[in-house]
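Novice: Below: one structure in structure tokens.
The values are calculated or read from the model by the stated rules, or taken from the named source; none is laboratory data. In this text, all values refer to a predicted model and were calculated from it rather than measured experimentally. Cβ sites come from the backbone with ideal geometry, for glycine too, and all protein chains shown count toward neighbours. Note: accessible area is taken over every heavy atom of the protein model, side chains too, but ligands, DNA and RNA are not part of it. Shrake-Rupley method; radii C 1.70, N 1.55, O 1.52, S 1.80 Å.
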Amino acid sequence: MNLRLIIAILAAKLAMYLSRLTGRGRGSSLPGMLALRIYPELLKHYQGRTRKGVIMTTGTNGKTTTSNMLADIMEQAGYRVVTNREGANLITGVATAYIKSGTLTARLNCDYAVLEVDEAAFPAVTRWIRPNRVLVTNFFRDQLDRYGELDTTVAKVLGALKKLSGDTELILNADDPLVARLFKETGRTTMFYGVCPDAALSSAAAYSREAKFCPFCGVTLVYDFYIYSQLGDFKCPQCGFARPRPDIEAKDVISDAAGIKATIRGSGAYGGTWSLFIPVRGIYNAYNALAAFAAALSLGVAPEKAAYYLTKYIPAAGRMESFCYAEKQVTLTLVKNPTGFNQALTSLLAYKGKQDVMIAINDNDADGRDISWLWDVDFEVLVRYLNQFNGFICSGRRAEEMALRLKYAGVPTCLLTTERNYRRALDAALHGEGAAVGILATYTALWPVEKILGQKAERVSNSADRVPSVS
Amino acid sequence: MLTVCHLYPDLLNLYGDRGNVLAFVQRCNWRGLPVRVEEVNLGDPVEFADYDFLFIGGGSDREQTLMAADLKARVTGLRAAVDNGLVVLAICGGYQLLGCYYRTPEGREIPGLGLLGFYTEAGDKRFIGNVVLETELAGKKTKLVGFENHGGQTFLNGLEPLGSVLYGSGNNGRDGLEGARYKNVFCSYLHGPLLPKNPALTDHLIALALARRGYASQLAVLDDSVENMANQAMLKRLLS
């Protein structure tokens, strides 16, 4: 019997109880933090405690969505799952998830742990918990003041993967050269997923494209086409490093107001063709669903079932959540880096009616204190479709700077308003003349905005039920 | 027609750097001044004398090494253009590169281009955070706001600074100075959106570029209410 372990877990469980009692916070990190203070080696007691295995998802964008989609699939397939929903993805959040599901002596009654793990926290978490599968979504620049350069982030994940003993398998995005390289550098058994090259998806937005150079020989990568940022059909003209052939590939991807439809083609051990529908928009969500689908297959879930369970996916807070206010469709999206923001703008533009937009930018620690990245976002695309917008309301601690960015992108100042107060900003957006409302917020602005929005508007759980009454 | 040279945008686009080029171009556009941007990447032919405004941003270490090697071969043309009044804005890594050398934590000296007489040494801590500095532009005192994120500490060796630090660390966290100035060259650690948020500096650079070509440097007044709001919001937050 390990007394320190029990005290640590007891303290964490007490903190969870108190946080529920007082209704303060979501209690997804603090209990773990407390437990790790008392007993830093706590996590090692959970190694090997899940009956069937541990699947970790890391990368820059899409961790929460992919991991939640996978956890949903596994739970609907009848397994008991430990998971850290809501994006608490540092070592403290992982500890909280385990403590919550386990007993005072760290016993678990679970089949799988489905965990999202922050790239920077990945080495620390994998020091204690050995994953059976590691899924990597993509690598983009994100919060430079916290993480350092992109090279550093990739090196952290790569280093941790190399250190892992045993037969950990990888599930990698074939379309991102920064992710695909992990196969070559670790030599681990790998399952690739990707989106089939298709002219209809190709994007010309070259800004904030990362990784122009081959990671192995440094020459400029050649692309047959781009999907977004550095994702696409790449090839190094010198050493032959190229987009691997995906085991699971999506083709005929269509993203419209109802969600994403695609055909999935599996090859090799996963041969077959299945149709996929998820009730969320955006090509990046097609990648997230594809990743979760691939991971579920690698864990033995039948493909038809995995595809069916995905149709019932409900987005987590800020991952393109839908609300309804006075027959207006309101979407709330978390933005945290240039690539994610560009994708959010693409989703806004997919709505062809007139809309009001609210953008809330904070610069607290959790958002990244440096907001320079806003200048790498391609707001210039908005200017070509200005007739689709009734107005832009900028909010949060850096409301003024957001307005400035839009002005320099070419948005006329008569369409710009700044309103630091979330409630007033939200009111202005909801009561605008647009037929729809798009809300984009950085991390620490998201929760308060979601809370106010939840009081005013009706949450739409699944867009299949969201057919507007007027149509 | 003013011509802007954005040097190595492929390599040095670390964090919001393109905001500076955007601000220069937009403020010319809004005044009806014809302006054109040329992007010069590794190995591209470049005639520095043909440009009116040269922008050099920051990059990660590996990219800066590539850039330094490429630029070394072109330093004579660059030096001549600078002496002839070429307007330059150099940020972070671009700033360090214009100096004499960068001394690594191991004590190794990586030579810079030597256009300006300052030098940089690796510090034991990284300076990260918001900055306010006071500078004088065309005889007028102006407060500039921005964000710094650098490990290197720069010592000016008697060179004129861009300004004095009112909030933040600046060149080295010790002497209260930020950036460097030499002829029409402006260097700063304030990366990302330095020019958009500081329209007085942007206009100063535009005026210098016009004057160098023999045009009247009196610029039409623009409505800067959004710019001033962003600038004032940070001044209020940081200085009060």
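Novice: Sort out the exposed loop GluC sites (Glu not before Pro) in chain B (DSSP loop, at most 14 other Cβ within 10 Å) and tell me the longest stretch that has none.
Specialist: The longest uninterrupted stretch comes out as B:107-240.
Novice: Using only the alpha carbons of segment A:340-407, determine the length spanned along each of the three principal axes and report them from longest to shortest in whole angstroms.
Specialist: Principal-axis extents of segment A:340-407 (Cα, largest first): 36, 19, 19 Å.
Novice: Please calculate how many Å² of accessible area the protein assembly as shown carries per residue, with a 1.4 Å probe and no DNA, RNA or ligand atoms counted.
Specialist: 38
Novice: So, how do all the Cα-to-Cα distances of segment A:375-434 break down into 5 Å bins, in percent, from 0 on up?
Specialist: With a bin width of 5 Å, the distribution comes to 4, 20, 28, 25, 18, 5, 0.
Novice: So, one more: Modelling each spin label as a point 7 Å along the Cα-to-Cβ direction, I'd like the residue A:189/residue A:217 distance in nm, to one decimal.
Specialist: The two pseudo-label positions are separated by 3.1 nm.
Novice: Which residue fluctuates the most in chain B, going by a Gaussian network model with Cα springs under 10 Å, if the choices are B:85, B:214, B:114?
Specialist: Result: B:214 has the largest fluctuation of those listed.
Novice: Considering all alpha-carbon pairs of segment A:37-194, what whole percent are spaced by more than 21 angstrom?
Specialist: 42
Novice: Of B:189, B:15, B:119, which is the most mobile in a GNM of chain B whose springs link Cα atoms less than 10 angstrom apart?
Specialist: Comparing B:189, B:15, B:119 in the GNM, the peak value goes to B:15.
Novice: Once you have the Kirkwood Rh of chain B from its Cα pairs, apply Stokes-Einstein at 4 °C and 1.567 mPa s and quote D in µm²/s. Write down the numbers at each step before the final one.
Specialist: Details: Rh = 17.9 Å.
Here the translational diffusion coefficient equals 72 µm²/s.
Novice: What distance in nm lies between label points placed 7 Å from Cα along the C-beta direction at residue B:66 and residue B:50?
Specialist: With each label placed 7 Å out from Cα toward Cβ, I get 2.3 nm.
Novice: Further question: Which of the trypsin sites (Lys or Arg not before Pro) across segment A:64-160 are loop residues per DSSP, with 14 or fewer other Cβ within 10 Å? Write out the running numbers ahead of the final one.
Specialist: Numbers: sites: A:80, A:85, A:100, A:107, A:127, A:133, A:141, A:146, A:156; in loops: A:80, A:107, A:141.
Qualifying residues, ordered by number: A:107.
Novice: What are the chymotrypsin sites (Phe, Trp or Tyr not before Pro) within segment A:306-396 that DSSP puts in a loop, where the Cβ has at most 16 other Cβ atoms within 10 Å?
Specialist: In loop regions of segment A:306-396 (DSSP not H, G, I, E or B), the sparsely surrounded chymotrypsin sites (Phe, Trp or Tyr not before Pro) are A:385.
Novice: Suppose the Debye formula is applied to equal point scatterers at every Cα of segment A:288-410; what is log10 I(q)/I(0) at q = 0.10, 0.14, 0.22, 0.23 Å⁻¹?
Specialist: -0.42, -0.74, -1.31, -1.39
Novice: Using DSSP to define loop residues, name the chymotrypsin sites (Phe, Trp or Tyr not before Pro) in segment A:1-106 whose beta-carbon has at most 15 other beta-carbon atoms within 10 Å. Don't jump to the answer; show the numbers that get you there.
Specialist: Details: sites: A:17, A:46, A:79, A:98; in loops: A:79.
The qualifying sites: there are none.
Novice: Using only the Cα atoms of segment B:103-240, construct the convex hull and provide its projected area averaged over every direction, in square nanometres to one decimal.
Specialist: If you wrap the Cα atoms of segment B:103-240 in a convex hull and average its projections, you get 9.4 nm².
Novice: Connecting C-alpha atoms closer than 10 Å in a GNM of chain B, tell me which of B:31, B:212, B:74 has the biggest fluctuation.
Specialist: B:31
Novice: Per residue, how big is the convex hull around the C-alpha atoms of the protein assembly as shown? Give it to me in cubic angstrom, could you?
Specialist: Enclosed volume per residue, from the Cα hull, is 168 Å³.
Novice: Checking understanding here: applying a Kyte-Doolittle mean of at least -1.0 and a length along the axis of at least 27 Å (C-alpha), which whole DSSP H helices in chain A pass?
Specialist: On the way: long enough: A:3-22 (28 Å, 1.49).
Long hydrophobic helices here: A:3-22.
Novice: For segment B:1-96, what's the radius of gyration and Dmax over Cα atoms, in angstrom?
Specialist: Answer for segment B:1-96, Rg first and Dmax second: 13.0, 39 Å.
Novice: Run through the DSSP bridge list for the protein assembly as shown and note the antiparallel percent, rounded to the nearest 5.
Specialist: Around 50 percent of the beta bridges assigned by DSSP in the protein assembly as shown are antiparallel ones.
Novice: Give the residues of segment A:92-128 whose amide nitrogen is closer than 12 Å to a point set 7 Å from the Cα of residue A:22 in the direction of its Cβ.
Specialist: Once the point is set 7 Å along Cα→Cβ of residue A:22, nothing inside segment A:92-128 turns out to lie under 12 Å by backbone N.
Novice: What is the mean number of Cβ atoms from other protein chains located within 10 Å of the Cβ atom of each residue in peptide A:372-384, rounded to a whole number? Each step should come with its number before you reach the end.
Specialist: On the way: counts 13, 6, 4, 14, 8, 1, 0, 0, 1, 0, 0, 0, 0.
Per residue, the average neighbour count from other chains is 4.
Novice: Let me ask you something else. Set the Förster distance to 22 Å, then compute FRET efficiency between residue B:225 and residue A:380 from the Cβ-Cβ distance, nearest 0.05.
Specialist: Efficiency, rounded to the nearest 0.05: 0.55.
Novice: What accessible area, summed over both chains, is buried at the B-A interface (1.4 Å probe, Å², nearest 100)?
Specialist: Details: alone 11020 and 19360 Å², together 27260 Å².
Counting protein atoms only, the buried area is about 3100 Å².
Novice: Expressed in nm², what is the orientationally averaged projection area of the convex hull enclosing the Cα positions of segment B:60-106? Before the final figure, lay out the partial values.
Specialist: On the way: hull surface 15.2 nm².
Over all viewing directions, segment B:60-106 projects a mean Cα-hull area of 3.8 nm².
Novice: Return the tail of the calculated pair distribution for segment A:226-308, meaning the percent of Cα-Cα pairs more than 19 Å apart.
Specialist: Cα-Cα pairs of segment A:226-308 separated by over 19 Å account for 42 percent.
Novice: How many percent of DSSP beta bridges within segment B:1-111 run antiparallel, rounded to 5?
Specialist: 20
Novice: Accessible area of residue B:145, 1.4 Å probe, to the nearest 10 Å²?
Specialist: 0
Novice: Same structure, new question: For residue A:7 paired with residue A:267, estimate the spin-label separation in nm (one decimal), with each label point 7 Å from Cα along the Cα-to-Cβ line.
Specialist: Calculated label separation equals 5.8 nm.
Novice: Let's test the formula: R0 of 45 Å, r as the Cβ-Cβ distance of residue A:451 and residue A:169. What FRET efficiency results, to the nearest 0.05?
Specialist: 0.65
Novice: When N counts the residues of segment A:338-471, how does its alpha-carbon radius of gyration compare numerically with 2.2 N^0.38 Å, as a ratio?
Specialist: 1.02
Novice: Take the Cβ-Cβ distance between residue A:312 and residue A:162 as r, set R0 to 41 Å, and report the resulting FRET efficiency rounded to the nearest 0.05.
Specialist: Numbers: r = 38 Å, r/R0 = 0.92.
Result of the calculation: an efficiency of 0.65.
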